[in-house]
């Protein structure tokens, strides 16, 4: 560490911190002997995969650890105070006063029944003594909302959280965190739930506020792209232990630990994939023409329903063996498109043709037969497996529903499990025994059990850690070559789209704004919107630097990673 | 297995289970301990507890109160459990259809459910029992018919929650048939709260049956707690034991079932059980 560089005292000092997990966990300590410091005006990134204990550290700083999880040794000092020695009153003063925290999911961190202005107000009233005059508080709320870049603060402070977008909610959270000029801001995966463009804006906002006020920032993330964009220093965690720490450029350019290197390599670099589909047949396998869908959301009794345009004349074609990426921000209608093709959501108008046959007509048994050719892998591997169904059954049920005998279907399921990188014994276990990446492999096996010709991957890797993402992507790429699958890859992450797709469609508010081969869209985007999306890729500046030899290592990383899960 | 183990560690749930087992044992061994029918006059009328070999005294006609309480446990438990199961069968079917298919089906079924909910259950039960001949079967069906609406509502809510979960949609895309999706995926994931409410319905069913018997609307051939209280009510000032002992039996049984049901709810609801650990 570099204590000597700055004379000012650290805003956060963590020294030899160990946190014990309750007995029966997968390891005795959530965090073991972790030490680091954050100085004023410094951004320290805590990086690690899920389960590495990074959130535990943040929670320990503000004494927010769940019951049964205790600090067993080490000290935490926040602006000269040890939070564990504070009484209730002192702790309340510290939280939201000198040390503020923002969380990953802004919707669940805001009170749904209170106007956001009131919630910011509460932060000020709870902390400032003597209590300031109401007029002054209101003015301060307005200033804060303006500072975090929210448009029209007068109107916005009267809104309820559900009326705001994800990015706006996170801005409100930041406004609340900033309300009492904290010396330390803890941000626990603040942008993971947001899409790339919003992510960039929020990171930039945090960085600007940090510079303006000279506060220390502890940013927790799993994405080295984010680290490259904002961090001064990095602490890399694995299984609760510090693997490496140092200045951001040192760690990124010259990682000492093999694990750090793996994590950096796993960041999708938006390098164009070099797998090109050879299109044999000229006629498309799947054809979508002029798809139209509007969602009507009821508001009040007297207000007219809000209309959300999810698809406005979408047309696309997909050939055998081809991968088409559909990219766009949240709310652009990309998931609805996938669901409409699967007939999980009924379109208002338009045609879907599969191998020449109309996919919109069939009902009941005919629809069941038609669906066999198309399969979907959903985003959340935790929600898409029945918790009470064994993994083998989950995979075998599909073929069994179409008449395959149980024994045969189970044998095939075991084979598929091996194919996606799990063991045969996985068939007899329940989903909760697997990690997120393993579950997504099971979902892929389940979709492939029916030998579909089209696979729709709806944000299939978005919920996974970066390193696991790379492995699952590699698996998908292999499988599509092997099975000549046509794939629609729905994602908000352009880096991933670049790596896997032959062609890309960019969606904005239900309309296709740009379409072309991956190379065309990424190297010469025609639309400003596409350029915005590309610029927002985290870590782009860093990873695109000449001399950053990511490619060779990157591919090696994927290949060596497949067996690791 | 884990659920069972967690339940064994749940203090109030275990108290409920033990009490309930005591009632069940009493119901089972009643004919062995009291070989004479509870309707038989075995002592002098108004025998106080402990005299003439009648532990809990005799009633106005000299029938053994203890025998009545023991035989009453059989009736109460049988009617309680059978009618709760009947209510569950009706409620789950209606709730499942309503929640899964939605739309007009849901509209019609839910208005029907509301109709049942707006009529006071007890009044409807009296009406039904009075219309049909009171027998074990009609009483069970009657109590079942007035107790299903909460179960239907709960099942519908659970189905609505699970209907669009990704694993259900995945099963749909896998080509599974509707009945398999409902029975194999949605119901097993909705069953915990349904079981909890059903177990609590047993308690209300026992109370309903007692109330019906108290009013003289029970099966005249069955010795029931409610009937005993009803018969002893007029003389409660000089012979308290005739109503107090069956009353205590109802209290303990209902309490036991409620404790058991709540224990079950805590154990089956992972969020609550995590808080306990």
Kirkwood-based Rg/Rh on the Cα set of the protein assembly as shown evaluates to 1.05
Going fewest to most other Cβ atoms within 10 Å around each Cβ, A:317, B:131, A:491 line up as B:131, A:317, A:491
Taking Cα atoms only, helix A:466-483 is inclined relative to the longest principal axis of chain A by an angle, in degrees rounded to 10, of 0
Counting other chain Cβ atoms within 10 Å of each Cβ in B:173-183 and taking the mean gives 6
Here the whole-number average of other chain Cβ atoms within 10 Å per Cβ of A:119-130 is 0
Looks like chain B, by Cα gyration tensor root eigenvalues a ≥ b ≥ c and the a/c under 1.5 rounded cutoff (else prolate when a/b is bigger than b/c, oblate otherwise), is prolate
The FRET efficiency for residue B:52 and residue B:235, from their Cβ-Cβ distance with R0 = 22 Å and rounded to 0.05, is 0.80
Shielding of B:159-170 by other chains, given as the mean Cβ count within 10 Å, works out to 5
Note on region B:140-209: contact order normalised by length, alpha-carbon pairs under 8 Å, 6 or more apart, percent, works out to 46
Rounded to the nearest 10 degrees, the helix A:391-401 long axis (Cα) sits at an angle to the longest Cα principal axis of chain A of 30
Highest mean packing first, using Cβ neighbours within 10 angstrom, the peptides A:200-206, A:145-151 sort as A:200-206, A:145-151
For the pair residue A:541 and residue A:519, the simple spin-label estimate (label points 7 Å beyond Cα toward Cβ) gives in nm 3.0
The protein assembly as shown: antiparallel bridges as % of DSSP beta bridges, rounded to 5, reads 55
Mean separation of Cα contacts under 8 Å (at least 6 apart) over the residue count of region B:49-130, i.e. the relative contact order in percent, is 10
CD proxy, 222 nm, the protein assembly as shown: helix-only mean residue ellipticity via -39,500 (n - 2.57) per DSSP H run with n ≥ 4, per residue, nearest 500, stands at -15500 deg cm²/dmol
Ranked output for segments A:373-386, A:69-82, A:230-243 by mean other Cβ atoms within 10 Å, highest leading, reads A:373-386, A:230-243, A:69-82
Residue A:108 and residue A:154 label points (each 7 Å along its Cα→Cβ direction) are spaced in nm at 3.7
So the FRET efficiency between residue A:532 and residue A:346, C-beta based with R0 = 30 Å and rounded to 0.05, is 0.40
Note on region A:364-475: alpha-carbon gyration tensor, axes a ≥ b ≥ c; rule is a/c under 1.5 for rounded, else prolate if a/b larger than b/c, else oblate; result oblate
At q = 0.13 Å⁻¹, the log10 of I(q)/I(0) for region A:415-463 from a Debye sum over equal Cα scatterers comes to -0.30
Taking Cα atoms, the helix B:11-33 axis meets the longest principal axis of chain B at an angle in degrees (rounded to 10) of 50
Proxy exposure order for B:19, B:107, B:264 (fewest C-beta within 10 Å first) is B:107, B:19, B:264
With a ≥ b ≥ c from the Cα gyration tensor eigenvalues, square-rooted, and the rule rounded for a/c under 1.5, otherwise prolate when a/b > b/c and oblate otherwise, region A:82-230 is oblate
Highest mean packing first, using Cβ neighbours within 10 angstrom, the peptides B:200-207, B:160-167 sort as B:200-207, B:160-167
Between residue B:18 and residue B:115, the two model label points (7 Å from Cα along the beta-carbon direction) sit apart by a distance in nm of 4.8
So, relative contact order of chain A in percent, Cα under 8 Å, 6 or more apart, is 15
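Bear in mind these aren't lab numbers, they're just calculated from the coordinates by the rules spelled out. Note that this is a predicted model, so its numbers are computed, not measured. Heads up, the Cβs are rebuilt from the backbone with ideal geometry, glycines too, and the neighbour counts pull from every protein chain shown.
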